[in-house]
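Just so it is clear, none of the values below were taken in a lab; they were calculated from the coordinates. These figures come from a predicted structure and were not determined experimentally. Virtual Cβ from ideal backbone geometry, glycine too; neighbours counted across all protein chains shown.
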Amino acid sequence: MERSVITLNRFILEEERRYPEATGAFSNVLQDLTLAAKLINRAVNQAGLVDILGETDRENVHGEQVQKLDEYAHEVIVAAMDHGGHLCVMGSEEAEEIVPIPDRFPVGEYVLLFDPLDGSSNIEANISIGTIFSVYRRVTDPAVTRNGTLEDCLQPGTDLVASGYFLYGSSTILVYTTGRGVHGFTLDPSIGEFLLSHPNITFPDPGQKVYAINEGYFGRWSEAQRNLVRRLRGDAGGDDGDGFKLRYVGSLVADFHRTLLYGGLFMYPSDNRHPSGKLRLLYEAGPLAFVCEQAGGKATNGEKRILEIRPEELHQRTPLFIGTAEWVEMAGEHLAREAAAGA
Ligand code: AHM
Ligand code: MG
């Protein structure tokens, strides 16, 4: 039987034909990003070989410092993205300040924000990790400043042009949206191409009743948050929490990807050590919220839609409740009710 093989490039070209208003420049951004992801994927796959190849004390056989993989991933993405003429500025979880486009390269109309290797503390244990990215359109005037500025980076998720993630797991997958549905591509390592494997991803209906949260922080949460988890666990008996399973990888891209494919509710609330939660609005919560909503799910900070939060700082954190629309709504209603009751 003949099978239709759709590479990422073909998919992008066909989308451009269907939506002629798309400029094509964004396609180049995505293509450059996939090159970076392939390089990161290779490095991630070799992580376990470090000992065999004789690298000790963060120095390799050539006497060079062994780089942390998240720093390596940051540099690979910057190097793959800074010269194409499509971007005016970048922001990375691994860089304190915005990352400018060097003067020797042209600037373009897009802004790229990324978390180069999220969950990288898991790497030694072969647990899936990922790269998360967001693309915005430039809002500052290039006639005034050649390079994009912080203002270009501090845009709400409602203005996202595209977002997505690469998951380096048992296979490597790219999931992204440009606001016209969510599509997934799996890397075929034998040919080095991303092939369409998950067209038009939507949350399953009904989704699995799964909650994901770091329950080790139970004692640090508000009473309202504790009661929400007690309810999901079904502590009081009865039907309310019946059937919710707990799954928590501790690697956001992996936890989100499972939630997207199977359904469920992922939570990283605020706690007494993380008053605004831990996850970053611009590199983690925002891009995943866009994917989530495009797939029919919801994403809030417990009260408000993540995509409507106007960022004030590059590395701003936010609590995150994301997943199956019904469960995210249920969590929000529960927290609002308890807040009104003074819990
Ligand atoms: P990182 O950006 O330093 O890798 O931290 C983000 C990671 C997420 O992947 C994950 O959801 C979260 O931290 C887990 O945090 P915790 O260990 O507090 O549960
Ligand atoms: Mg991160």
I'd like the Karplus ³J(HN,Hα) series for segment 166-178: coefficients 6.51, -1.76, 1.60, θ = phi - 60°, whole numbers in Hz, and an x wherever there's a Gly or Pro. 10, 10, 9, x, 4, 9, 9, 10, 10, 10, 8, 9, 10
I need the peptides 300-312, 93-105, 130-142 ranked by packing, meaning the mean over residues of other C-beta atoms within 10 angstrom, with the highest value on top. 130-142, 300-312, 93-105
Quote to one decimal, in nm, the extra length available between ALA340 and ASP205 on full extension: 0.36 nm per residue of separation minus the C-alpha distance between them. 45.5 nm
Residue among PHE256, PHE266, PHE218 with the largest mean-square fluctuation in a Gaussian network model of the chain, springs linking Cα atoms under 10 Å: PHE218
Could you calculate, for segment 210-340, the ratio of the Cα radius of gyration to the Kirkwood radius, expressed as Rg to Rh? 0.94
Each label sits 7 Å from Cα toward the beta-carbon; between ARG17 and ARG137 the label points are separated, in nm, by 2.5 nm
Sequence order, segment 302-309: Karplus ³J(HN,Hα) from phi using 6.51 cos²θ - 1.76 cosθ + 1.60, θ = phi - 60°, Hz rounded, Gly and Pro as x, gives x, 10, 10, 4, 4, 5, 8, 6
Which one of ALA79, GLY207, PRO20 is farthest out on the positive end of the charge dipole of the chain, using unit charges on Cβ (Lys, Arg +1; Asp, Glu -1) and the Cα centre as origin? GLY207
Checking the a/c ratio against 1.5 first, then a/b against b/c, what shape does the Cα gyration tensor give for segment 8-198? oblate
Close Lys-Lys pairs in the chain, where close means Cα under 22 Å and separation is 8 or more or interchain: 7
Amide H of LEU279 versus every other amide H placed in the peptide plane: which residues, excluding those fewer than 5 positions away on the same chain, fall under 5 Å? THR318
Taking H as built 1.01 Å from N, whose amide H comes closer than 5 Å to the amide H of VAL89, not counting residues under 5 places away? LEU112, GLY148
Would you kindly derive the ³J(HN,Hα) couplings of segment 253-258 from the backbone phi angles with the Karplus curve 6.51 cos²θ - 1.76 cosθ + 1.60 (θ = phi - 60°), listing them in order in whole Hz, with x for Gly and Pro? 5, 5, 5, 5, 4, 4
Expected-Rg normalisation [2.2 N^0.38 Å, Cα atoms] applied to the chain: 1.02
Report the calculated FRET efficiency for ARG310 and ILE191 (r = Cβ-Cβ distance, R0 = 41 Å), to the nearest 0.05. 0.45
